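> The structure is given below, and queries will be raised subsequently.
Derivation of every value follows stated rules applied to the coordinates shown; laboratory data play no part. All values derive from a computational prediction rather than experimental measurement. Note that each Cβ is placed from the backbone with ideal geometry, even for glycine, and that neighbours are counted across all protein chains shown.
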Amino acid sequence: MLKKSKQKITVLLVLISLITVFAVAVNGDASSNGISNIYPNSPSHTEAYQQAAKFFEASIDTSVNPCDDFYQYSCGKFNDSMSFDAIFDKVNQDVTDALNSRNDKDVS
């Protein structure tokens, strides 16, 4: 049951993110058609925004029909592009260092 709740929350967050990306993209299209952009320094013009948009776009599995399995469609490639190996290595090293370090409260 907890897994389904997490999946629903993840789908909701991805859906909100996609809607936001598309809304900003539509706003960008309006400015390219000769309509002045009210916010010329909007986040969509930043490198970080462009990287985030590419990340979300890369997470979408277009081989799946969103009407059949929206979660797989919206998040299907997420795990393929993510690697937590570096994080696990860092955590393991930090724990090892903490266990091997001498605490000031250690009794000698």
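> Tally Lys/Arg at +1 and Asp/Glu at -1 over every other residue whose Cβ is under 14 Å from the Cβ of Lys77; what's the total?
-3
> Further question on the same structure: When Lys and Arg each count +1 and Asp and Glu each count -1, what net charge do the other residues less than 14 Å away from Asp61, Cβ to Cβ, add up to?
Neighbour charge sum, excluding Asp61 itself: -3.
> Would you mind checking the pairs Lys8/Lys90; Lys6/Lys77; Lys6/Lys54 and listing those with alpha carbons more than 19 angstrom apart?
Lys8/Lys90; Lys6/Lys54
> Additional query: For Phe78 and Gln7, compute 0.36 nm times the residue count separating them, minus their Cα-Cα distance, and round to one decimal in nm.
24.2 nm
> Add +1 for every Lys or Arg and -1 for every Asp or Glu among the other residues with Cβ under 15 Å from the Cβ of Thr96, and state the total.
Overall, the nearby charge balance is -1.
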